[in-house]
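Notes to accompany the following structure.
The values are calculated or read from the model by the stated rules, or taken from the named source; none is laboratory data. Computed from a predicted structure; not experimentally measured. Using ideal geometry, Cβ is built from the backbone for each residue, glycine included, and neighbour counts are taken over all protein chains shown. For the accessible areas, the whole protein counts, side chains as well, though only heavy atoms, and no ligand, DNA or RNA atoms are used. Shrake-Rupley method; radii C 1.70, N 1.55, O 1.52, S 1.80 Å.
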Amino acid sequence: MKYTQIAKSINYFHKLVTYYSILFPYITPINYMIYSSIWMFGVICHWYFLDGRCFLSVLEDKFKDKEEPKTSMFKFLEIYGIPSYSFDLLLHFNMLFSFYQLNLFYYGIITQSFIIWSNYIIYGNWKFKNSI
């Protein structure tokens, strides 16, 4: 398998994960919602360790040609003129909605406040690094 095919495979999987991240509180059965919420919290936390990038983006870049630009799942926002922080707002809303469905809304507020506070401490802004 050529490196470009591996990079494309990783990209397709990354898109699938991204779409699920956008839709998870609406399509996940309530029995699994706590696991999805913890998983999403883990996704957010791993961005801090990888300087605002996803490990799938980093992995895909390893298999791409050096001349190609770095992988970014947020190029579609630029293409359609959508402010980059709209993904942050959607992510926070989705997390709050998932905690609401679990009857843990106040825990969700605390969790999201912690994430916003972490962004402010790490990046000097309330937004995630990919939105700055």
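Structure data summary
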{"read-out": "Residue selected from the range 29-47 under the condition open to solvent by 20 Å² or more (accessible area, probe 1.4 Å) and over 11 Å from the mean Cα position of the chain (by Cα), by the criterion nearest to residue 85 (Cα to Cα)", "value": "38"}
{"read-out": "Odd one out for residue 82, checked against (1) out of contact with any Phe, Trp or Tyr (no Cβ under 9 Å at 6 or more places or on another chain); (2) more than 26 Å from residue 6 (Cβ to Cβ)", "value": "(1)"}
{"read-out": "Selection from the range 123-132 of residues that are open to solvent by 60 Å² or more (accessible area, probe 1.4 Å) and in a helix (DSSP H, G or I)", "value": "129"}
{"read-out": "Selection from the range 93-122 of residues that are part of a helix (DSSP H, G or I) and open to solvent by less than 50 Å² (accessible area, probe 1.4 Å)", "value": "94, 95, 96, 98, 99, 108, 111, 112, 115, 118, 119"}
{"read-out": "Filter result for residue 16 (farther than 24 Å from residue 109 by Cβ and in contact with a His (Cβ under 7 Å, 6 or more places away or on another chain))", "value": "no"}
{"read-out": "Yes/no for residue 56 being open to solvent by 20 Å² or more (accessible area, probe 1.4 Å) and modelled with pLDDT of 90 or more", "value": "no"}
{"read-out": "Residues located in the range 62-92, provided they are over 20 Å from residue 44 (Cα atoms), part of a helix (DSSP H, G or I) and open to solvent by less than 70 Å² (accessible area, probe 1.4 Å)", "value": "63"}
{"read-out": "Output for the range 75-127, where each listed residue is farther than 18 Å from residue 50 by Cα, free of Cβ contacts under 8 Å to residues at least 12 places away in the same chain and of a type in the set (Gly, Ala, Ser)", "value": "81, 86, 113"}
{"read-out": "Members of the range 6-27 that are touching a residue at least 12 places away in the same chain (Cβ under 8 Å) and over 23 Å from residue 77 (Cβ atoms)", "value": "6"}
{"read-out": "Candidate set from the range 1-10 (those that are open to solvent by 30 Å² or more (accessible area, probe 1.4 Å) and not charged (D, E, K, R)); member that is farthest from residue 94 (Cα to Cα)", "value": "1"}
